[in-house]
Amino acid sequence: MGTSAAKPRTALVVGGGISGLLSARELAAAGHQVTVLEAGTAWGGCVGSHTVAGLTLDSGAESFATRSDAVARLCAELGLSSKIVPPRPGGAWVQLPDGPRELPRTGVLGIPANPWDPEVRRTLGTLGSLRASLDRLLPTSVGAGKDVTSVSALVRARMGSRVLERLVSPVVGGVHSADPGLLDVDMVAPGLRAGMRRHGSLAAAVSAQRRGGTNKADAPADKPAKAGSAVAGLEGGMHTLVEALVADLRGRGVTLLAGTAATSVSRTPDGWLVDAAGTIFRTALLVMAVDGPAAVGLLENAVPLIAGKKPASGPDVKLVTLVLDKPELDRRPRGTGILVAPQTPGIEAKALTHATGKWDWLAAAAGPGRHVVRLSYGRVDGVSAQQPAGPETDDELFAAALRDASALLDVQIAGDEVRGWDVVRWRGSLPFAAVGHRARAAAIRRACTAAGGLAVVGGWVAGNGLAAVVADTREQIGQLTHD
Ligand SMILES: Cc1cc2nc3c(=O)[nH]c(=O)nc-3n(C[C@H](O)[C@H](O)[C@H](O)COP(=O)(O)OP(=O)(O)OC[C@H]3O[C@@H](n4cnc5c(N)ncnc54)[C@H](O)[C@@H]3O)c2cc1C
């Protein structure tokens, strides 16, 4: 927790997602007088909630990575330690063009730690495993150079195209809604290439990362990650973290203004002036905790060095949640869910989470025979980064979800078995970690930090996911309050 001997100052946070709320908490703890502006009516941004058939569910993020203790520590500070729960064992599956397979559990982004692991071998075939194991023999320079920047270039060079198509593409599509050919490996798997140089191969780097955490590639070998232990959730849903944060901020006297979008920012001799549709806020410290295009759009007049440098907007993701009466799903036919390989015929969804198969607390809340499944649609494919056409309207999405859930779970689901459904759209919320994004985001951040009294936080600079966002936000606000 940041502390500062500096005299209390005014601090304004723009954006009430997890990065903005956490920034506000750190600033208040350092003694500053904090206001948070949120454009929407709800707090938490991508960590949202909705109620479907009487069940309160996560509408966006539903778990956090446990490769670092960043989120668990925050939960502990908010009194939520006892609510941290692992997903049910059983793992996830992958739907390949030739049928469903259990997803090997010891990978990073689907990249296997051991190509000869029986689950990996079943998915790749012997020839695929053989090609993947060449990785151990190749010089570490292969895939380490500046020419290799995308996830697919790295995986293809070291382990071959079977690993890419049958493991990495489905996982990357499920997590980042994009083709691995478009994604910057250093953004979506930070530390992996450095680990490769240190440990001699990509598989060894994956193995070290699974053991130790992103920045601790040398963690003790006697502590392997337990299968399925790479993520955890909160009993009641991830959105309870937002509720706890908001309550904590109110307790600290932070002013929380929802429905208040910042529309422009300018520099003043002693700080910043933020206009929110006519209401003017003057502040000594400013934290920009919005998505990348919005952050650059708001700041480019006041920080001319970043003018015209708006990062690409993230992909549009549509989530369809179905609450079903379907006792056949009690046996969890696809474990915690299934990721879909891009070329799988007849399936439009890119992933399905069997939420009641994943979280015990939710299965208990739903009751026997009642199930929650969530399907996601929308993926950025191909070099042109275009979104392929797919179901768009709520009715089209509902129909596609029924079809896809039936096929993916291998049970026929009829419309009259649906107790409730909802469509949630996340427009550009996942930062688009395109090749080169990391370097561009870092340059934007440097220019903003140099302006003084300004911090830029959020998933688009920190990397996608709560673990990255929480750790990075703390670091940035620590610097801001100590400057
Ligand atoms: C569908 C989905 C599922 C996800 N699942 C997971 C998961 O399971 N695990 C995981 O670790 N991560 C997950 N993530 C990623 C994770 O949720 C994000 O990395 C993280 O929540 C980003 O937080 P943030 O504060 O950077 O941004 P956001 O949550 O996007 O918050 C930004 C906030 O700024 C507000 N805002 C924008 N413009 C303005 C303005 N001009 N003025 C005022 N406010 C403004 C927005 O309304 C928003 O509330 C998921 C993301 C999505 C979209």
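The table that follows gives values for the structure above.
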{"item": "Whole-Å semi-axes of the chain's equivalent ellipsoid (Cα gyration tensor)", "result": "36, 28, 21"}
{"item": "Order by protection proxy (mean Cβ within 10 Å, highest first), peptides 411-424, 173-186, 357-370", "result": "173-186, 357-370, 411-424"}
{"item": "Global geometry of the stretch 106-223, whether rounded, prolate or oblate, following the gyration tensor of its Cα atoms and the 1.5 cut on a/c", "result": "rounded"}
{"item": "On Cα atoms only, tilt of 437-451 relative to the major axis of the chain in degrees", "result": "10 degrees"}
{"item": "Prolate/oblate/rounded call for the stretch 275-404, Cα gyration tensor, a/c under 1.5 rounded", "result": "prolate"}
{"item": "Residue-averaged [θ]222 nm for the chain, counting only DSSP H segments that reach four residues, each worth -39500 (n - 2.57)", "result": "-9500 deg cm²/dmol"}
{"item": "Helix 466-482 vs. the chain, principal-axis angle (Cα, 0 to 90°, nearest 10)", "result": "20 degrees"}
{"item": "Cα centroid separation - the stretch 81-97 against the stretch 285-303, whole Å", "result": "36 Å"}
{"item": "Packing rank of 137-150, 305-318, where each peptide gets the mean count of other beta carbons within 10 Å, highest leading", "result": "305-318, 137-150"}
{"item": "Estimated inter-spin distance, residue 399 and residue 76, nm [label 7 Å along Cα→Cβ]", "result": "5.2 nm"}
{"item": "Charge context of residue 394, other residues only, Cβ under 12 angstrom, K/R +1, D/E -1", "result": "-2"}
{"item": "Debye log10 I(q)/I(0) for the stretch 1-83, one point scatterer per Cα, at q = 0.21 Å⁻¹", "result": "-1.12"}
{"item": "Cα-based helix-to-principal-axis angle, 239-251 vs the chain, degrees rounded to 10", "result": "20 degrees"}
{"item": "Segment residue 301-residue 450, length gained on full extension (0.36 nm per residue, minus Cα span)", "result": "52.2 nm"}
{"item": "HN-Hα J in Hz across the stretch 193-209 - Karplus 6.51, -1.76, 1.60, θ = phi - 60°, x for Gly and Pro", "result": "6, 5, x, 4, 5, 6, 9, x, 7, 5, 4, 5, 5, 4, 4, 5, 5"}
{"item": "Cα coordinate range in the stretch 406-459, projected on the principal axes (Å, largest first)", "result": "59, 24, 13"}
{"item": "For residue 111, distant residues with modelled amide H under 5 Å away", "result": "none"}
{"item": "The stretch 341-473: Cα Rg divided by the 2.2 N^0.38 Å rule of thumb", "result": "1.37"}
{"item": "Value of Rg/Rh across the stretch 426-483 [Cα atoms, Kirkwood radius]", "result": "0.98"}
{"item": "Heavy-atom accessible surface of the chain: percent carbon and sulfur, 1.4 Å", "result": "53 percent"}
{"item": "The stretch 146-169 and the stretch 405-483: distance between their alpha carbon centers, rounded to Å", "result": "23 Å"}
{"item": "Cα→Cβ-extended label distance, 7 Å offset, between residue 268 and residue 442, nm", "result": "3.5 nm"}
{"item": "Pairs of lysines in the chain (C-alpha under 20 Å apart; 8 or more residues apart or interchain)", "result": "7"}
{"item": "Per-selection Rg to Rh, the stretch 41-152 - Cα, Kirkwood hydrodynamic radius", "result": "1.08"}
{"item": "Solvent exposure of the stretch 106-223 as accessible area per residue, Å², 1.4 Å probe", "result": "40 Å²"}
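The values are calculated or read from the model by the stated rules, or taken from the named source; none is laboratory data. Since the structure is predicted, the reported quantities are computational estimates derived from the model, not experimental observations. Every residue, glycine as well, gets a Cβ built from its backbone with ideal geometry; the counts of neighbours run over all protein chains shown. For the accessible areas, the whole protein counts, side chains as well, though only heavy atoms, and no ligand, DNA or RNA atoms are used. Shrake-Rupley method; radii C 1.70, N 1.55, O 1.52, S 1.80 Å.
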